[in-house]
Structure formats: structure tokens, C-alpha cells
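Below you'll find the structure, written out as C-alpha cells, and then a few comments.
Computed from the coordinates by the stated procedures, all read-outs in this text should not be read as laboratory data. Everything numeric in this text was worked out from a predicted model, so none of it was measured. Heads up, the Cβs are rebuilt from the backbone with ideal geometry, glycines too, and the neighbour counts pull from every protein chain shown.
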Protein chains: 2
Amino acid sequence: MKLKTKNFDWLAGRPVVILTEETAKKLNVHLDERVSISFEGKKIFAVVDLFQKIVKEGEVGLSNEINSYLKIKENSLVEVSSAPLPQSSKIIKKKLYNQILSQEEIELLISDIVNNKLTEAEIAYFIAAEKICGMSMQEIIYLTKAMVDNGKKLNFENGIIADKHCIGGIAGNRTTPIVVSICAAAGLKMPKTSSRAITSAAGTADVIETIANVEISSEEIKKIVNKVGACLVWGGSLGLAPSDDKIIQVERLLNLDVEPQLLASIMSKKISVGTTHLLIDIPYGDGAKIKKSEAKKLGKKFKLIAKNFGINLRVVLTEGEQPIGNGIGPVLEMLDVLSILKNKEYCPQDLREKALFLASEIMDLCGIKDARGKAEEILLSGMAFQKFKEIIEAQNGKKDFEARIKNLKPAQFSKNIYAHKSGKIIELKNKKINQLCRILGTPESQKAGIYLNKHLGEVKENEVIFTMYSESEQKLQEAYNFIKSDNVFKIK
Amino acid sequence: MKLKTKNFDWLAGRPVVILTEETAKKLNVHLDERVSISFEGKKIFAVVDLFQKIVKEGEVGLSNEINSYLKIKENSLVEVSSAPLPQSSKIIKKKLYNQILSQEEIELLISDIVNNKLTEAEIAYFIAAEKICGMSMQEIIYLTKAMVDNGKKLNFENGIIADKHCIGGIAGNRTTPIVVSICAAAGLKMPKTSSRAITSAAGTADVIETIANVEISSEEIKKIVNKVGACLVWGGSLGLAPSDDKIIQVERLLNLDVEPQLLASIMSKKISVGTTHLLIDIPYGDGAKIKKSEAKKLGKKFKLIAKNFGINLRVVLTEGEQPIGNGIGPVLEMLDVLSILKNKEYCPQDLREKALFLASEIMDLCGIKDARGKAEEILLSGMAFQKFKEIIEAQNGKKDFEARIKNLKPAQFSKNIYAHKSGKIIELKNKKINQLCRILGTPESQKAGIYLNKHLGEVKENEVIFTMYSESEQKLQEAYNFIKSDNVFKIK
């Protein structure tokens with residue numbers, strides 16, 4: 001049926017059409033059922049919403065997801081038809097019955113996710129099936145490939161492309177800017193794309209954004225990396241393995257970690273940027289996402305996938321019992337990073353050591369001899385700091401580094417948290433610290449967060465354990481209440 | 001934050017609010033995240049849609065699901081806040097990890113579903129976990145109880161309340177109006193609520209609706225049943241176990257059958273109407289939903305639940321290899337029912353026999369002696385027909401039975417399908433027949449459907465196997481194409 005389009009500048013999170021009940025009846029579709037919309041040779045699928053007031057009979061309201069795909073103007077005529085269950089819904093059902101999927105099936109499923117043919121509920125069915133039934137290594141490899149093939153790529157010329165990835169879960173732990181600066185100064189090419197925070201206090205992209213532009217086009221990234229050897233950008237707008245973003249959006253509903261998806265998600269992004277040498281950091285332990293035995297198993301799976309795609313991969317297992325570094329929150333973490341790159345005496349030694357360790361592991365993986373010695377030399381000599389400055393200025397497109405870092409400071413309202421007795425801090429959980437920072441306003445509020453004066457170990461009564469920062473007195477009070485009601489740390 | 005409400009007469013299928021991006025930013029919520037909306041002591045949860053054009057800053061557009069719950073007028077001030085993950089999302093996660101849920105957890109989950117605190121994707125996670133991990137009988141009993149407790153009830157005075165339920169899957173098979181008429185004529189009280197078709201050609205409610213009002217309030221139902229002994233109404237608007245409707249809506253996305261949900265769904269509706277004696281008909285076989293061995297196991301589970309709730313339950317397993325009766329589609333099935341109740345010679349014997357069998361099983365279960373003999377007597381004497389007429393007229397509120405049935409006839413466009421050779425019809429699958437009827441326009445088009453001249457067994461070349469009816473020539477042609485491309489029947 002031909003319908004006239006209406007545009008409401010409406011971002012619905014998925015393709016949705018608005019019809020009157022009468023129009024829906026004529027199309028023989030009901031609420032939440034599926035229609036296809038065709039326009040000038042392009043076709044997209046959407047679910048049905050019913051409004052009586054804002055569209056008339058014979059009209060169809062389109063959400064922005066449809067408008068931007070079909071590139072359509074208001075009052076155009078589009079063909080709208082009821083659409084059957086997509087083929088991929090049968091594939092999801094198959095996985096729910098614990099059956100192995102073929103390469104073709106996985107390819108079709110991922111393509112349908114990217115093309116918005118599936119609702120969030122259908123994607124949830126797939127994630128649940130993946131979570132409970134698991135996937136074979138072969139299926140995970142097909143999944144990774146399908147995610148790469150249904151997305152864009154960064155194409156560099158031949159040669160080593162180095163990369164690192166941490167599976168996350170550790171508060172602070174902002175090694176990436178330091179590692180990338182050292183490795184790039186050592187001559188390695190590192191087109192580093194990072195994510196924003198999902199449940200943590202900050203992601204690498206949030207931290208870099210305190211002093212630099214991180215939303216950069218693929219074309220610009222290539223120019224920057226070819227010029228200064230590396231970048232530190234947000235990967236979210238590059239269209240690399242876009243199915244992953246949709247799947248993560250649905251996983252977030254329950255804060256689920258689904259192993260096959262985690263593996264395919266990380267590896268697909270790395271393959272899409274052309275990584276040849278990859279270091280995977282898996283923090284383990286009581287406060288981390290996984291235990292040491294699981295970390296080892298996970299590491300092996302990463303290696304199997306990497307081998308299949310011809311990537312040189314090394315896995316390091318690191319302790320993840322407590323936060324790493326002192327600052328937690330975008331600006332506070334950037335201050336930690338700068339203090340290390342500038343070789344300040346007060347810099348957090350745990351973060352410095354971990355960054356040096358990871359950098360030398362990558363350098364060694366890429367065939368650089370005496371990697372540890374060289375990494376230290378690059379850091380101490382100021383070459384790493386110089387490289388970091390080059391990267392930031394390349395991303396900003398101007399020489400404004402000093403001006404950008406001059407005014408970096410934490411939020412105006414602050415409160416110290418003191419030890420109520422002398423003893424040993426025996427617990428300082430990453431999850432609680434992240435929750436605390438979210439209450440204080442991170443990552444939206446860049447200056448919010450906490451500064452740790454103490455890590456696990458000895459503390460004296462009335463010593464400051466950490467300082468909280470927020471741009472809102474109310475949030476500061478809420479954070480204080482959270483500490484009182486919940487054991488953010490334990491002293492024994 | 002206080003926001004001014006806007007009403008667009010918008011049925012979104014779930015509670016959704018429309019905000020501008022600026023308002024969302026101030027509330028610190030993103031697309032598809034959750035907010036609570038409070039008004040005059042009532043609170044509801046909804047997900048966020050972002051529109052720029054139809055609401056302004058400081059305004060909130062509410063979907064009808066919210067308006068009807070809060071009973072709110074346009075331009076009212078409501079309190080809108082970002083809402084955390086509901087407690088029940090943790091419970092769903094627990095089930096995804098294959099853990100047993102407690103009574104309290106199941107209760108909370110169902111209550112959150114009824115109160116619209118969960119998105120479709122979250123419900124999908126739960127259904128998938130139920131499907132793959134299964135549920136213990138104890139969990140299914142808790143689930144049934146929670147579904148009953150979170151809904152309305154029909155309260156009859158003490159005494160026997162008889163009921164029947166068929167787990168479905170068989171085309172035609174419209175026994176209910178006949179069974180209810182016979183049993184009510186035998187003195188049993190049967191407040192029968194039925195569903196509309198989901199994927200089949202017609203549900204009992206669709207069939208009754210061809211001659212009677214089926215959307216009747218609980219109060220009216222009580223009056224009708226107390227007067228004539230039975231009713232034949234649509235159960236969907238009575239608020240019985242409403243969580244079930246939402247769960248089924250999500251199951252439909254993949255046409256899933258989830259056993260724990262099926263058990264809880266059927267039993268909760270029966271408990272809600274006060275059933276004391278219940279006959280469950282489980283058709284089995286090649287063309288049915290399940291095999292005979294599975295049907296036996298399923299029957300045992302029904303009995304366990306019934307025992308827990310003090311219901312006298314009997315299970316009958318019936319052959320479900322092919323459609324039962326000749327007419328398939330609302331009007332065509334009503335014509336079958338009338339021919340049997342009127343003791344016409346041409347009436348479909350298979351449907352008549354099955355209805356007599358089920359009616360006598362119910363009568364026997366309720367303690368009526370020589371049930372089979374009495375059921376036949378009631379049917380042959382016209383008492384069943386008389387009772388049916390009383391029920392229909394009670395539901396219509398006037399004596400219009402004869403006028404209503406006088407003009408019942410199938411749709412104007414028809415096409416015969418002939419046997420292409422002599423032999424045996426060895427396959428006539430329910431699913432294909434239902435699909436064919438849907439293509440012809442059922443259940444929306446009441447007069448559409450097919451009339452079977454033949455069932456499984458001998459056929460001669462050029463004999464009519466069935467006649468198709470549709471109100472649209474185009475649909476008739478589509479149905480014909482479907483037959484040509486798909487084996488609706490097989491002759492050997």
C-alpha cells in the first residue's frame with residue numbers, strides 16, 4: 001500500500017512506523033508486528049506503533065532510523081507492506097533448541113541485525129541462547145567473521161599494526177594512553193579505537209575526550225596514524241562491526257556478559273582495524289570479572305580465533321583485585337596519565353608499572369629486542385610524553401596541547417573519606433568504586449570521580465582513604481550515603 | 001523533574017514516554033532507558049523515545065498504556081525520574097544462570113511484568129531461560145499462583161464449575177460450543193472463556209463472534225452463567241492472569257511454545273475463573289503440536305499442578321493428525337457447529353463424535369452417571385441446541401438467534417481444489433491448512449476459510465478435496481499459488 005511519509009524527528013532506538021488503526025487494519029498488521037517500507041529501490045523493516053492523532057489515514061510516520069536509511073523527504077510516497085517473520089528468526093529459534101548454526105545462518109543473522117530486521121526482543125532471545133547453550137569455537141569464528149563482513153574497515157598499507165585490549169572491569173587502570181604513546185614512540189603503528197564507559201566510571205574514549213577530539217572519521221584516522229604513528233579515538237562512530245553495538249545495547253538491559261559475544265565483539269573490532277599483533281589483558285581475581293582459571297581458558301579461546309584470522313596474539317593475565325592508579329573518572333584518570341608521562345614523582349606507581357609491562361609485551365610481540373629496557377627509556381626520556389602530545393594535537397588539528405591540559409582539575413565539590421580505625425584495607429572492590437563514581441556523576445560529568453590515597457594494605461585511623469569529587473553537592477551527599485549503606489571498602 | 005504531559009492517542013504496545021534530547025539529558029537518561037512517571041500517588045515505569053518535533057522541552061509525551069494507567073489529562077504535571085534496573089531483572093539473570101527461583105522471586109517477576117516494569121527484550125530473556133533451562137514443577141506451581149494473584153478473578157458461589165481446554169494446533173476442531181451446550185443442558189455450570197486465533201484460522205471467540213457478542217464484563221458473565229448455566233466469551237478483556245498476555249505477545253515473535261509457560265498459562269486462567277473440574281484435551285501425532293509420548297508426560301504435569309490447587313483434572317489424549325470438522329474459518333466452523341446441534345444428516349461426523357466424547361468425559365468427571373448416553377440424548381433431543389440458543393441470546397441481550405444464524409454463509413469468491421489423481425490422501429497437515437486460511441483472510445475476514453470435502457483416505461481423480469472462500473479475489477489467487485508451491489495435501 002502506498003502511504004505518504006511524515007517526519008517527526010523521532011529517534012525510537014529501532015525502525016518504527018506510526019500508523020492509524022484504520023491503516024494498520026487495511027495492511028492486516030497489528031501493534032508491534034512487522035512491515036517493510038520500500039522507497040527508490042531500498043527496503044527497510046520496521047515494527048508498528050499505532051497513533052490516532054499525529055498521523056492521518058493514508059499516512060505513515062517514520063522514525064529517524066528509517067528516514068536516515070531511506071534518505072527520504074517528508075510527504076514522499078513509500079510502499080508499505082506487512083512483512084513475514086524474517087528468516088533469521090528461525091535461526092534464533094534453532095539456537096534456542098541448542099543446535100549448531102552454520103556459517104550461512106550466522107551470516108544471515110548478523111546481516112539482519114545490522115539491517116534492523118530484528119527487534120530487541122528477538123536479539124535478546126539470541127543472546128540468551130548464546131549465554132545458556134554456548135557456541136562452539138567454529139561458531140564463534142563464523143560469528144566474528146560475519147560481524148567484520150557486515151561493517152566497515154580501516155585499511156592501512158602492509159606492515160605491523162599493533163593493538164591492545166583489556167577485557168575490563170578494573171576501575172582506573174587507564175594504561176592505554178601511556179602504552180600507545182610508548183609503542184608509537186618505539187616506531188609501532190597503533191590505530192587505537194576505544195569505547196566509552198558502559199557501566200564503569202570512564203572508558204578510554206571518555207578520558208581522552210577531556211583534552212582531545214575523539215570522534216574522528218576513518219579518513220582522518222588514516223592520515224593521523226600515517227603522520228604520528230598512532231591515534232586514541234572513539235571506535236563507536238566508525239561503523240566497525242556495527243552489529244556489536246546493537247547486541248551490546250540489548251545485553252546492557254541485564255548487564256550480561258556473554259562469552260561467545262565478548263570474544264567475537266573484541267576480535268571483530270580488531271580485525272576491522274587491520275590488527276596484525278594483538279595483546280589481550282585479562283584481569284582476574286576477586287574484584288575482577290573472572291577467576292584465574294577462567295581467565296586462562298578465555299585466553300586460549302582468544303588465541304584460537306586469532307590463529308584463524310592470522311593475527312599474532314599474546315595474552316597476559318594480570319591481577320584485578322582492586323583499582324589501578326589513583327584517579328577514577330575522566331579528568332582524574334587523565335591527570336594520572338599525564339603525571340606518569342611527565343615522570344612526576346607523585347605519579348601512581350601501580351599504573352606506571354602496568355603500562356610499562358603492557359607496552360614492553362607488545363613491543364616484544366612485534367619483534368623489538370630488549371623491549372622492557374627500551375620502553376623504560378622511552379618513558380623516562382620524555383619521548384612517550386612527546387608522542388602523546390603529537391597524537392592529541394593531531395586529533396585536535398591544532399597545537400593546543402598545553403592550553404588543554406593547563407586547566408584540568410577535578411570538580412569543585414569534594415569530600416574526604418577517612419579510615420574509621422587503624423588496620424589493613426582488605427577489600428576495595430572495583431564494582432563498588434565504579435558505582436560510587438557513577439553516583440558522583442561520571443562519565444557525563446568529566447570532572448567527577450574519586451582520588452584514591454590508599455590501596456589495599458596498611459592504613460591508620462583518620463587517614464584519608466579517598467577524596468570524592470562532584471559538580472553537584474546533592475550527588476556528593478548521595479555518594480556519601482551510598483558509602484554508609486554499602487561496604488565500598490573494608491578495614492580489618 | 002516535573003514535566004507537562006502531552007497525549008497523542010498513541011498505542012505503543014508498552015509504556016513509552018517521548019522526550020526531547022535536552023530533557024533526556026537533564027534527566028540523565030538515554031534512548032531506551034527507563035524512567036518512572038508518578039502522578040497522584042500512582043507510579044508507572046516506561047522506556048524513553050526521543051522526538052524533537054512533537055514535544056518541547058519540559059514536556060513529556062505519554063503512550064496510551066501510561067495514560068490509561070495513571071488516568072491523566074493532557075497538560076498535567078507529572079514527576080519523571082530516571083529509574084534503576086528493576087529488581088526483577090536480577091531474577092531473570094538468575095534464571096539465565098540456570099538457578100532455581102523462589103516463590104518470592106517469581107511473584108516479584110510476574111508483578112513487574114503486569115506493572116509494565118519490564119521491556120519486551122527482558123521478557124524475552126526470561127522466556128528463553130525458561131525454554132532452555134526449564135522449570136521445576138515447584139517453580140511452575142509458583143508461576144501459576146503468581147499469575148493468578150496478579151490478575152482478576154470470576155467469583156462464583158460454591159459448587160461445581162466445569163471447564164475444558166484443548167492445547168490446540170488442530171484446524172477446525174470447534175468442539176467447545178457443542179460441549180458447553182451439552183454439559184450446561186446436563187446441569188453443569190460452565191463459564192467458558194476462550195481466546196482469539198493467534199496463528200490458527202480461528203479461535204473459539206472468533207467463531208462465537210460470528211453470531212454473538214463475546215466481549216462481556218465479569219459482572220455480566222456472572223449474571224449470564226447464573227441464568228443459563230454457561231457462557232462462551234472472549235477471555236482477553238477480563239484481566240484474568242494478564243501477565244500471560246504480555247508473555248504470549250513476546251513468545252509470538254518467534255512462534256515459541258514454552259512448556260512451563262504453557263502449563264502456567266492454561267492453569268492460571270482456569271484457576272482465575274474458579275474451575276473445580278477440568279478436562280484437558282491434548283491432541284498428539286504427526287500433524288499436531290506434540291508426539292504421543294510427550295503428550296503423556298505433559299498430561300502428568302497438568303495433573304500435578306491441578307492437584308496442588310485442588311482441581312479435579314482429567315486428561316484425554318486425542319488423535320491430531322488432520323483437521324477435525326469440515327469448515328475451517330469463523331463462519332464455516334459456526335456452520336459445522338450448528339449442523340451438529342441441529343442434528344443435520346450432513347453434519348461432520350468426526351467433529352460430532354469428538355464433541356460427544358469430550359462432553360461425556362466432563363460429565364463423568366463431574367459425577368454424572370451414564371454420561372455418554374445422557375450426552376447423546378441431550379444432543380439428539382435438541383436440548384443442546386436449545387441451550388446454545390439461550391447462551392447466545394443471553395450474550396446478545398436479545399432474542400435474535402434465528403436472525404443471526406439465518407444469513408450465515410461463506411465469502412462470495414470461491415474456488416474448488418480437485419484431486420489430480422485417484423488414490424489415498426495420506427497427508428493433510430493442520431499447519432498448512434491454517435496457513436492457507438490465513439492467506440484467504442481469516443480470522444479478520446469471518447467468512448473466509450475452507451470447506452473440506454475429504455479427509456485422510458480414498459479419493460478419486462477430479463473429486464473436490466476442498467473449497468476455498470475469500471472476500472478478495474486477489475487473496476483467493478494467492479491461496480491458489482500457495483497450494484501450487486507448497487504441499488498442502490499429498491495423494492499416494
Legend entry - Exam field: B:GLN52 pseudo-label spacings to other copies (7 Å along Cα-Cβ), nanometres: 3.1
Legend entry - Least to most buried among A:HIS277, A:HIS420, B:HIS165 (fewest other Cβ within 10 Å first): A:HIS420, B:HIS165, A:HIS277
Inset, instruction - Taking every pair of alpha-carbon atoms in segment A:413-491, give the share separated by more than 15 Å as a whole percent. - result: 52
Inset, instruction - Just grab the label-to-label distance for A:SER381 and B:GLU220, each label 7 Å out from Cα along the Cβ direction, in nm (one decimal). - result: 8.9
Inset, instruction - Nearest 5 is fine: what % of DSSP beta bridges in segment B:1-125 come out antiparallel, could you say? - result: 65
Inset, instruction - Just report the Cα centroid separation between segment A:435-482 and segment A:155-177, whole Å. - result: 28
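Can you give the relative contact order of chain A as a percent, counting alpha carbon pairs under 8 Å and 6+ residues apart?
Here the relative contact order equals 14 percent.
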Inset, instruction - Starting from the exponent 0.38 and prefactor 2.2 Å, build the expected Rg for segment A:207-294 from its residue count and divide its actual Cα Rg by it. - result: 1.28
Legend entry - Range of Cα positions in segment B:2-82 per principal axis (Å), largest first: 27, 23, 22
Legend entry - 222 nm mean residue ellipticity, helices alone, for chain A (DSSP H n ≥ 4; -39,500 (n - 2.57); rounded to 500): -13000 deg cm²/dmol
Legend entry - Two-decimal log10 I(q)/I(0) for segment A:184-244, as the Debye equation yields it once each C-alpha is a single scatterer, q = 0.15, 0.21, 0.23 Å⁻¹: -0.46, -0.85, -0.97
Legend entry - Gap separating the Cα centres of segment A:189-210 and segment A:347-385, nearest whole Å: 20
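Using a Förster radius of 25 Å, what is the FRET efficiency between A:SER472 and A:LYS421 based on their Cβ-Cβ separation? Nearest 0.05, please.
0.25
Sequence gap at least 6, Cα distance under 8 Å: using those rules, report the relative contact order of segment A:373-485 to the nearest whole percent. Let's see the in-between values first.
On the way: 150 pairs, mean separation 33.2, N = 113.
Here the relative contact order equals 29 percent.
So which of A:LYS374/A:LYS492; A:LYS270/A:LYS490; B:LYS94/B:LYS192; A:LYS43/B:LYS269; A:LYS490/B:LYS90; A:LYS42/A:LYS307 end up more than 31 Å apart by C-alpha? Don't skip to the end; give the middle numbers.
Numbers: A:LYS374/A:LYS492 41 Å; A:LYS270/A:LYS490 39 Å; B:LYS94/B:LYS192 37 Å; A:LYS43/B:LYS269 42 Å; A:LYS490/B:LYS90 25 Å; A:LYS42/A:LYS307 38 Å.
As for pairs spanning more than 31 Å Cα to Cα, those are A:LYS374/A:LYS492; A:LYS270/A:LYS490; B:LYS94/B:LYS192; A:LYS43/B:LYS269; A:LYS42/A:LYS307.
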Legend entry - Principal axes of segment B:99-235: Cα extent on each, largest first, Å: 49, 36, 26
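Starting from segment A:1-61, pick out the chymotrypsin sites (Phe, Trp or Tyr not before Pro) whose DSSP state is loop and whose Cβ has at most 13 other Cβ atoms within 10 Å.
none
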Legend entry - Of all DSSP beta bridges in chain B, antiparallel share, percent nearest 5: 55
Legend entry - Per-copy distances of the B:ILE368 label point, shortest first, in nm (7 angstrom along Cα→Cβ): 9.0
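Average partner chain C-beta neighbours within 10 Å, per residue of A:125-134? Walk me through the numbers on the way to the answer.
Values: counts 11, 3, 5, 14, 4, 1, 8, 9, 2, 0.
So the per-residue partner count for this stretch is 6.
What chymotrypsin sites (Phe, Trp or Tyr not before Pro) does segment A:345-420 have in DSSP loop regions with at most 10 other beta carbons within 10 Å? Please report the intermediate quantities before stating the final value.
Values: sites: A:TYR346, A:PHE357, A:PHE385, A:PHE388, A:PHE401, A:PHE413, A:TYR418; in loops: A:TYR346.
Sites meeting the loop and neighbour criteria: A:TYR346.
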Inset, instruction - Between copies, how far apart are the B:LYS424 label points? List them in nm, one decimal, shortest first, with each point 7 Å from Cα toward Cβ, please? - result: 8.2
Legend entry - Inverse mean reciprocal Cα-Cα distance (Kirkwood Rh) of segment B:246-380, Å: 16.8
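Note down the Stokes-Einstein diffusion coefficient of segment A:87-134 in µm²/s, whole number, using a Kirkwood radius over alpha carbon pairs, 25 °C, and 0.890 mPa s.
Value of D from the Cα-based Kirkwood radius: 234 µm²/s.
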Legend entry - Convex hull per residue volume in Å³, alpha carbons only, for chain B: 169
Legend entry - Compactness of the protein assembly as shown - radius of gyration and Dmax, Cα, Å: 32.8, 107
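Scan segment B:151-239 for GluC sites (Glu not before Pro) in coil per DSSP, keeping those whose Cβ has at most 16 other Cβ atoms within 10 Å, and list them by number. Spell out each step's value before the answer.
Working: sites: B:GLU157, B:GLU209, B:GLU215, B:GLU219, B:GLU220; in loops: B:GLU157, B:GLU209, B:GLU215.
Counting only loop positions with at most 16 other Cβ atoms within 10 Å, the GluC sites (Glu not before Pro) in segment B:151-239 are B:GLU157, B:GLU215.
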Legend entry - Overall dimensions of segment B:377-422 as given by Cα atoms, namely Rg and Dmax in Å: 17.4, 51
Inset, instruction - Round to a whole angstrom and tell me the spacing of the C-alpha centers of segment B:79-136 and segment A:230-281. - result: 27
Inset, instruction - Could you tell me, in Å, what Rg and Dmax come out for the Cα atoms of segment A:35-158? - result: 17.6, 58
